[in-house]
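To start, the structure itself, in structure tokens.
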Amino acid sequence: MFTLNFLIRRLTQGVVIIGLVSLLIFTLLRVVPGDPVRLMAGGMAPEALIEKIAKDMGLRDPIIVQFGRYMGSVLQGDLGQSFVRPANGAATGGANFNDTTRGERAKVLTLILEALPMTLQLAAVTLAIALLFSAVVGIAGGLNPGGWPDKLAFYISSVFISLPNFWLGIVLTLLLSVKLGWLPAIGYNGFAYTILPAVVLAVEMSPVLIRTLVGAVSSQMTEPYVSVGRVRGLGRTRIIANHVMRNASVPLLNLLGIQFSSLLGGVIIVEYIFDYPGLGLLTINAVLQRDFPLIQGIAIVTSAIFVVINIIVDLVATTIDPRLDY
Amino acid sequence: MAALLELRNMTVALGRSETAKVILDDVSFSLAPREIVGVVGASASGKTVLSRAAVNWLEPPLTRRSGTVLFEGRDIYAMKEADMRALRQRVSYVGANPMGALDPTLPVGAQIVEKMRAVMPDVSRRQAEDRVIALLDAVRIPSARNRFHDYPSQFSGGMMQRALIVDALVTNPSVLVADNVTQPLDVTVAAQVIRLIKELTDQFDTAVLFISSSLPMVREASSRTLVIDRGRIVEEQATEALVASPIHPYTRELVAQTPQIWRGAGAVPALPAEREVVLSLRDASQTYRVKKRNGIGGVNLVRAVRNVTFDVWRGDSFAIVGESGCGKSTLMRLLSRLELPSAGQILCEGKDIATLRGRDLLAFRARLQLVLQDPFGSLPPRTSIGRMLEEPLRTHGWRDKEKLRARVLKVMSEVGLAAELYNELPLGLSAGQRQRVNVARALVLEPTILIMDETLSALDQAEQFKLLDLFQALQKEYNLTYIFISHDLAMVRKVCNRVAVMYLGEVFELADNQRLFFDPGHPYTMALLSAMPTLEEKRYKPEDCLLEGEPPSPLSIPAGCSFKSRCPRAMEICNGEQPFLTVRDEQDFAACHLVARTMSPAERASP
Amino acid sequence: MSIMSITSSHSSTPLASRSLARRVFDRAVASPGFRVGAAIFLALMLATALYPELSAIDPTKMDVKARLLPPLFTGTNWNWGHPLGTDQIGRDMLVRSLVGLRYSFLIGMASVIVMLIVGCALGTVAGYFGGRTDAVIMRLTDAQLSIPMIILAIAVLGVSRPTIPAIVLVLGMSNWPVYARMMRSIVMTERQREFVRAAKIGGSTDLRIIVTLLLPLLLPSVLFSSVLDVARMMIFESTLGFLGLGVQPPTPTFGNIIADGRKYLLNAWWIATMPGLFLGLTLTSINLMGAALERARDTVHAGGE
């Protein structure tokens, strides 16, 4: 019953958030200078034609009207068509303004659905690597406050967080791909292409995870129930595995929810560097080409994912710790 | 009877070096089956360390210097880790802080089952669960089967303590060490716990080591008592003999200092000659709306204070007493206008305080002040004492630095704080000194009414006495009116002239000191008084005043008298009609049908 | 607890009045991590402030004769005049890196200040007043958090010539939610404390309580976290530079140097990697200091002193 209540409340709020985000992006795009029509039609097109095309596309209507029209079609599952990319997958960029084959544009939804699984795969591998690594380093550090595992965790996280992800990508490409040839780097041609980008992202994610784990585990170890547990007859391993880890995972979960947003930022850069055909690459290109519908579509999808992830994280957290109230 | 647990020459120090402070000095005693042995001592006397040493739970920096503990002849300090762990089945420990003792993220029942199966691996999950539920029932936790699945945060302090006792007893231990287990509990719950422990020694031949800082409490529980002072056992006698004729000077001091309630309490404060009403409550009620956790929307109504009506006179030392959950904290918040009542009125010198605004509100704040309970949480850690005391004055418009300083210094000297503390942070102050700062902060505006919210509960006996003397002196000098909110009836007996007893949000009885203690009108008051531990002969026998189980939940207060489920003298009428405060001889009131019945209709007018 | 009370009555002087913030600071400074970080940081700051002028090398001037010189001890024709080598048109890498560091650091600091002001103000209000105010502000943070900084930055800055104030604003605005949440949760717990209640009884208004009681208590711990964010913002700034959205050429910043150098990765690898190493070093030093401060704060607050 509580779960149902929680879900309904959060999903409603989630819809509001998604709506807010969409409106924000929508407005931002139209308010900030840079005319997509000009980009589409090519630099040589006459003013009058630009105006006509813009009017036809509804870009000169008041923003609220445009937004309403847009949301209307979204609710019907139509995220619109890209301004730029042609349906046949040809290279982007403006053709001549009177090129009639311009008419067929790729559907935004299709583009997103093609790119999404790639990014999800990248995210999954990243999480796996990051969690595994951080757990080993972080838990060891938390169980030995002041000892060498603790210091090691401290230095590792400080160094990792100081490496700019784009730079690391370049360096790792140089070392592991060019010089040593162990892993492939650019593009995508099989699962192995996910590994290098995932490593870069994992290096970016780990420091915060490690620090949180070290803090959470070490503070749980000072809780009364740990020492009382010893006198009640519970063994040390059991206390750590069953109780301390349980309690320590709550702040970690919270963190994962928040981290998603910065992970997305990192994904964009990393996909750009490695030319990995995921949502990130799609986004950068979309923004640089002022492809409004695509940008909006991506914004909606990512904020929806964000909302869902946060709901899941909070739900799991309340399942573990009943004192929490979300 | 052969000794079950024996401490031999136990010496424990704080650290490994030669010069480390010695906490326990050559302590020896033994425990036989079916015995309850009490250990009584002041707060830093080493009794907690003693209790932990007895079960091999000394954590660094505590170090065992010499001596050992034998259980059934085996040295528990020489055992291997695994053997010691197995021994936890036979030797159990319950401490004083129930709230942090279990993992907050797992249900209580599951954790007790976990403990049981950890030390008794042959027991099946099913068997363990059944046993735990049976025991939870035995300690009278209501609806044990449901409570089994509840989380620690859903248990009250008293229930949690009982759950931990279940945790200790689930394996049928031969020895139970109970360290200060009754301290956080209400008087009636503590009485239940002690009764339970006694029953269990009868049933299972358990030997119990009962540790407490309260001699009356130890007297309730144990047959033989040890007195510990600064790490040494100074006396050991059968309990009754110890209380009647203590031998060691320390014990004699301890007995002499225990406040007397029944015999010769000395002069109790009298009622003021003139009855000038300074504070008046008229049907004040407070209801909270709490969102339902299950189900969609909807609120639960928690009726924390219900139709409270009484007057406080100038010069009174008025006490509001009751157990946890009775509503006295909420009432305190209403009186100090931290919250406004959802119904009814509170009048201060004739004016309804809910309607005060602006300047009038500020003036009210100057007249009625509150001295808080927690000496550590109530002082902002990064403000100097002087600054802290100046703050209320500044809020009331004082600007002149000289005047501010002068007033603050004056108040500081009145409460006994050295003038040098003006610029210091509260960091190094003791609990007693901190409470003095709290009193000073309340006095700096020269109020006429002071509310003391459990102000003395966090202090030990000696500090309490000193502060009580201070209060008396201040009252005499400034003709202050005090309102004490407390659960310590012994303190109330000594200090207050009028007492109101609260239960589940209502005032059950209101009488002057002598009347309340010697001729209570309400069965609940009688039960409360009978549960109070004391060194003297008890005036009311607990057996007559039976108090079982828990009060009903404030979410669903039953119709009729809210006490009927636990009242030994409940009648038919108690199910239907709620009794109101009825007059008994002029100014004493009790809300009980028993009283109403013996009154004539003319006298039954409500106050 | 009895153990603690026994020890404390003997070890601490009765009137130890070192403030909490001071104790955290002292404890952090005493740790080796902090010292290493501080040493590196100071050295770098000195270099940044003085070297470019002292060496009289112009970071933007071309010197075709000296193009593509490798850094010290590597390759064939390295020289001491260009310790980190030169790029494809002969500009000295060291000076460029140091100038880039200036911009990075300034932008980093400025954006953290923006973040702190906005985040702490909103977080305090949300935490203190609760209820609807809180819900509104929290949903705002949610909305803000679901727009990755990169997208926001690209959208806003990818349009026209990015100016330093615009960059600072974008960076600051993208990150205030973290501080808002932090302040909110701290304020929510602290406002239940007895001394807040005491102040209310004394007649203080909410604003007074917030400003005089709560903020001085809570800011120091938040400030210790913000040190780490300076480093984060510096990385973001260089990321923006990399994408071409940061401070524009010819002014050298880490981002655009590395972006430029990417083309020469195979034969002049140092153009892309050296600046990154530099940045990494700077950031490591800041992170060591910041992490030490955070640790000290957590230990002291948990009762370590």
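Some notes on this structure:
A quick yes/no check of all residues on (1) crowded, with 21+ Cβ neighbours inside 10 Å; (2) farther than 27 Å from C:LEU171 by Cβ; (3) among the β-branched types (Val, Ile, Thr):
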{"site": "A:GLY233", "(1), (2), (3)": "yes, yes, no"}
{"site": "A:ASN242", "(1), (2), (3)": "no, yes, no"}
{"site": "A:PRO251", "(1), (2), (3)": "no, no, no"}
{"site": "A:LEU264", "(1), (2), (3)": "yes, no, no"}
{"site": "A:VAL270", "(1), (2), (3)": "yes, no, yes"}
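- Among the residues of the range C:152-172, those identified as surrounded by fewer than 19 Cβ atoms within 10 Å (Cβ to Cβ) and either modelled with pLDDT of 80 or more or within 14 Å of chain B (Cβ to nearest Cβ) (or both) are C:THR163, C:ILE164, C:PRO165, C:ALA166, C:LEU169.
- For A:VAL171, the stated conditions do not hold, so it cannot be described as part of a helix (DSSP H, G or I) and within 14 Å of chain B (Cβ to nearest Cβ).
- Against the test of being surrounded by 24 or more Cβ atoms within 10 Å (Cβ to Cβ) and over 30 Å from B:ASN97 (Cβ atoms), the options A:ILE258, A:ILE298, A:ILE305, A:ILE284 yield a single qualifying residue, A:ILE298.
- Restricting the range B:352-405 to residues that are in contact with a strand residue (DSSP E or B) (Cβ under 8 Å, 6 or more places away or on another chain) and in a helix (DSSP H, G or I), the residue that is farthest from the other protein chains (Cβ to nearest Cβ): B:ALA354
- Looking only at residues in the range C:188-227 that are more than 14 Å from chain B (Cβ to nearest Cβ) and modelled with pLDDT of 80 or more, the one that is surrounded by the fewest Cβ atoms within 10 Å (Cβ to Cβ) is C:VAL227.
- Residue tally, condition among the hydrophobic types (A, V, I, L, M, F, W, C) and either surrounded by fewer than 24 Cβ atoms within 10 Å (Cβ to Cβ) or more than 12 Å from chain A (Cβ to nearest Cβ) (or both), over the range C:246-257: 1
- Condition broken by B:LYS21, with the remaining ones in (1) touching a strand residue (DSSP E or B) at 6+ places or on another chain (Cβ under 8 Å); (2) touching a residue at least 40 places away in the same chain (Cβ under 8 Å) satisfied: (2)
- For first residues located in the range C:99-110 and closer than 9 Å to C:MET233 by Cβ, partners that are outside any helix (DSSP H, G or I) and lie 6+ apart or on another chain with Cβ distances below 7 Å form the pairs C:SER104/C:THR253.
- Condition check for B:LEU581: farther than 30 Å from B:ARG289 by Cβ, buried (at least 18 other Cβ atoms within 10 Å of the Cβ) and touching a residue at least 40 places away in the same chain (Cβ under 8 Å): no
Yes/no per residue for (1) more than 10 Å from chain A (Cβ to nearest Cβ); (2) touching a residue at least 40 places away in the same chain (Cβ under 8 Å); (3) on the phi < 0 side of the Ramachandran plot; (4) within 31 Å of the chain's Cα centre (by Cα):
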{"position": "B:ALA78", "(1), (2), (3), (4)": "yes, no, yes, no"}
{"position": "B:THR105", "(1), (2), (3), (4)": "no, yes, yes, yes"}
{"position": "B:ARG126", "(1), (2), (3), (4)": "yes, no, yes, no"}
{"position": "B:ARG140", "(1), (2), (3), (4)": "yes, yes, no, yes"}
{"position": "B:PRO152", "(1), (2), (3), (4)": "no, yes, yes, yes"}
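- Residues that are surrounded by fewer than 18 Cβ atoms within 10 Å (Cβ to Cβ) and among the aliphatic types (A, V, I, L, M) within the range B:459-477 comprise B:ALA462, B:LEU468, B:LEU470, B:ALA473, B:LEU474, listed in sequence order.
- Residue in the range C:101-111 that is crowded, with 20+ Cβ neighbours inside 10 Å, small (Gly, Ala, Ser) and more than 21 Å from the chain's Cα centre (by Cα) present: no
- Of all residues in the range C:1-48, those that are at pLDDT 80 or above and either within 7 Å of another protein chain (Cβ to nearest Cβ) or in a helix (DSSP H, G or I) (or both) total 22.
- Residue count, the range B:331-351 (criterion: touching a residue at least 60 places away in the same chain (Cβ under 8 Å) and outside any loop (DSSP other than H, G, I, E, B)): 9
- Applying the condition of being in contact with a strand residue (DSSP E or B) (Cβ under 7 Å, 6 or more places away or on another chain) and polar (S, T, N, Q) to the range B:57-106 and asking which residue is surrounded by the fewest Cβ atoms within 10 Å (Cβ to Cβ) yields B:SER66.
- Among (1) modelled with pLDDT under 80; (2) surrounded by fewer than 16 Cβ atoms within 10 Å (Cβ to Cβ); (3) under 30 Å from B:CYS561 (Cα atoms); (4) not acidic (Asp, Glu), the one test that B:ARG289 misses: (1)
- Filtering B:LEU443, B:LEU429, B:LEU474, B:LEU470 for residues that are within 14 Å of another protein chain (Cβ to nearest Cβ) and out of contact with any helix residue (DSSP H, G or I) (no Cβ under 6 Å at 6 or more places or on another chain) leaves a single hit, B:LEU429.
- Residues satisfying the stated conditions in the range B:378-390, i.e. surrounded by 18 or more Cβ atoms within 10 Å (Cβ to Cβ) and either at pLDDT below 85 or of a type in the set (A, V, I, L, M, F, W, C) (or both): B:SER378, B:LEU379, B:PRO380, B:THR383, B:ILE385, B:MET388, B:LEU389
- The lone exception for B:ARG145 - which of (1) outside any loop (DSSP other than H, G, I, E, B); (2) out of contact with any Lys or Arg (no Cβ under 9 Å at 6 or more places or on another chain); (3) over 26 Å from A:THR318 (Cα atoms); (4) not hydrophobic (A, V, I, L, M, F, W, C) it fails: (3)
- B:SER45 meets all of the listed conditions (1) over 29 Å from the mean Cα position of the chain (by Cα); (2) away from chain A (no Cβ under 14 Å); (3) not hydrophobic (A, V, I, L, M, F, W, C) but one, namely (1).
- Residue in the range A:125-136 that is within 14 Å of another protein chain (Cβ to nearest Cβ), at pLDDT 90 or above and under 18 Å from A:PHE260 (Cα atoms) present: no
- In summary, B:VAL277 fulfils each of the numbered conditions (1) farther than 30 Å from B:THR481 by Cα; (2) touching a strand residue (DSSP E or B) at 6+ places or on another chain (Cβ under 6 Å) with the single exception of condition (1).
- None of B:ASP103, B:ASP150 is under 24 Å from A:ASP321 (Cβ atoms), at pLDDT 85 or above and in contact with a His (Cβ under 7 Å, 6 or more places away or on another chain) except B:ASP103.
- Members of the range A:150-159 that are more than 9 Å from chain C (Cβ to nearest Cβ) and either of a type outside the set (A, V, I, L, M) or part of a loop (DSSP other than H, G, I, E, B) (or both): A:ASP150
The values are calculated or read from the model by the stated rules, or taken from the named source; none is laboratory data. Owing to the predicted nature of the structure, the values given are computational and were not obtained by experimental measurement. All Cβ positions, glycine included, derive from the backbone under ideal geometry; neighbour counts span all protein chains shown.
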